[in-house]
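Here the structure comes first, spelled out in structure tokens, and everything after it is commentary.
Each reported figure results from applying straightforward, stated rules to the coordinates on display, with no laboratory input. Just so it is clear, the model here is predicted, and its values are computed rather than measured. Note that we place each Cβ from the backbone using ideal geometry, even for glycine, and neighbour counts take in every protein chain shown.
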Amino acid sequence: MQALIVIRILGILLMVFGLTFIPPWFVGWVMGDPDLTPFTLSFVISVSLGAVFWALTRQYRRELKLRDGLLIVVSFWVVLGLIGSTPFYLQPDLGLSFPQAVFESVSGITTTGATVITGLDELPRSLLFYRQQLQWLGGLGIIVLVVAFLPLLGVGGMQLYKGEMTGPIKDSRLSGRISETAKALWLVYTGITVLCAFVYKIQGMTWFDAVSHAFSTVATGGFSTHDASFGHFDNALMEVTAMVFMILGATPMALHFVALRRGTLEGYFTSAEVRFFLGWMAAVAVIVIGFFMANFPDGSWIDTVRLHLFNLVSFATTTGYTATDHTAFGPFLMLLLIMTTIIGGCAGSTTGGLKSVRVMLLARQGINEVRRLVHPHAVFVVRLGGRPLDPGVISAVWAFFAAWMFTFLVLFFAMLMTGMDIESALGAVIATLANLGPGVGSVASNFASESTTVLWLGMIGMILGRLEIFTVLAILLPMFWRR
């Protein structure tokens, strides 16, 4: 373990993150917020702390090893949650406790969208913009941003990239150098966000709302600038736009890059994961429509279906926007919507959950096991994109599924021990570990009334979900710290 290089890179990352306090400060200045001190102090704290770390270790340069990369990624996400909480904690109008401020920060940067804040419509614009910006930065990951655009600072390397990106196959590249791959992904991500903001503006949002919601839509984060979430706008055209861009956010960014470079949409149709993702989501949509047709045969369900289909796309992409109350039509529909979150979107996207590719591979492996019962001597191979997969990938998928379910159960029982009822504990774990945001029971809309213990457990779940568990669990093993 090279402690000095870990500290040096953490210092660089903190200085870079400090710069992200400037845009919300500027927004607040333009829009006349009375007090911008929280952002000024946050900038000073982040940059100063990072500068100290970097200055003390700037002469130490070594090649980044696997263990160094894992420790940097986990450490930075923890530090980021703490430093990112300073504008919330220092904002006098909020009156948040320290755990509440950190919870809001971690929820933002992990694109979870769970919140402890109410009265959003009355908050300073700088703080609202900051919440949305946090989610956008966390969508692909600020570490990947640094790898992409600051290679001269010595923060390159496949280890950092692999530690933050999602999915079972983390070493695929769009070009020879990993920094060029990271840069391509961020440019595509930025371009989609800009397009989303322009479409929102054309459809009637203010520039502030358009940019803010473009951040959280493409990042599949779910924070809004209004207490009523996306339902505030009550606009069918905006809802369709949001659904399109949520699906784009839930699709691998690499596919968008390839489509733009080649000028063809063929990649989307040939991707087995994308077809599987859209297929199971379409199947759930049919179930939702059938539910309302069966329960409201007089045709009064049409507008309600529109809103619930929006909720379906939002939950399936782990965004967490709501256009209507997802708990209003009983446990079947409520749990159906929330359970889609566990599957999640595609690997290499901005979504949470297990990821559709893992569920698809587990299903294919299960089918092969059934076939093996019929033909015990036959050899069956799991394929992805027409190519046979290494058995190690399948083993890793099964291991991740087991680890995810074990983590789910541990957090669930820990939530129950705090005094939460079963429904609320289930909703809280799904909302945080799957990076969804809204849950059921007492956390259906927010976590404002939950205990400090629940908040800390939720933060652990959000970071584990965002970093896909193994990255965090690896540094907890005794062998990780041995030479």
| Between L384 and residues 5 or more places away or on another chain, which pairs have amide H atoms under 5 Å apart, with H built 1.01 Å from N, and which residues are they? | L389
| remark: Length gained if A272 through A328 is fully extended, taking 0.36 nm per residue and subtracting the Cα-Cα distance, is 16.7 nm
| message | I need the calculated FRET efficiency for the pair D421 and M479, taking r as the beta carbon distance and R₀ as 30 Å, to the nearest 0.05. | response | 0.15
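Output the relative contact order of the range 378-481, whole-number percent, from Cα pairs under 8 angstrom with separation of 6+ residues.
Dividing the mean separation by the residue count of the range 378-481 yields 21 percent.
Using 0.36 nm times the number of residues separating Q2 and H232, minus their current alpha carbon distance, what extension gain do you get?
77.8 nm
Can you sort T40, T270, T193, T324 by how many other beta carbons sit within 10 Å, fewest first?
Ranked by crowding around the Cβ, least crowded first: T270, T40, T324, T193.
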| remark: Here the range 234-242 yields Karplus 3J(HN,Hα) values (6.51, -1.76, 1.60; θ = phi - 60°; whole Hz; Gly and Pro given as x) of 6, 10, 4, 5, 5, 5, 4, 4, 4
| query | Counting Lys +1, Arg +1, Asp -1, Glu -1, what net charge surrounds N235 among other residues with beta carbon under 14 Å of its beta carbon? | reply | -2
| query | Gain in length, A363 to I302, computed as 0.36 nm per residue apart minus the alpha-carbon separation, to one decimal in nm? | reply | 18.6 nm
| note | Taking every other residue with Cβ under 15 Å from the Cβ of V381 and scoring Lys and Arg +1, Asp and Glu -1, one gets +3
| remark: The set of residues whose placed amide H lies less than 5 Å from the amide H of D227, leaving out same-chain residues fewer than 5 positions away, is L120, D121
| task | Using DSSP to define loop residues, name the trypsin sites (Lys or Arg not before Pro) in the range 41-140 whose beta-carbon has at most 16 other beta-carbon atoms within 10 Å. | result | R58, R61, R62, K65
| query | With contacts defined as alpha carbon pairs under 8 Å and 6 or more residues apart, what's the relative contact order of the range 12-65 in percent? | reply | 49 percent
| request: For an R0 of 22 angstrom, estimate the FRET efficiency from the Cβ-Cβ distance between L373 and A399 and round to the nearest 0.05. | output: 0.40
| query | If you put +1 on each Lys and Arg Cβ and -1 on each Asp and Glu Cβ, how big is the dipole of the chain around its Cα centre, in Debye rounded to 20? | reply | 2380 debye
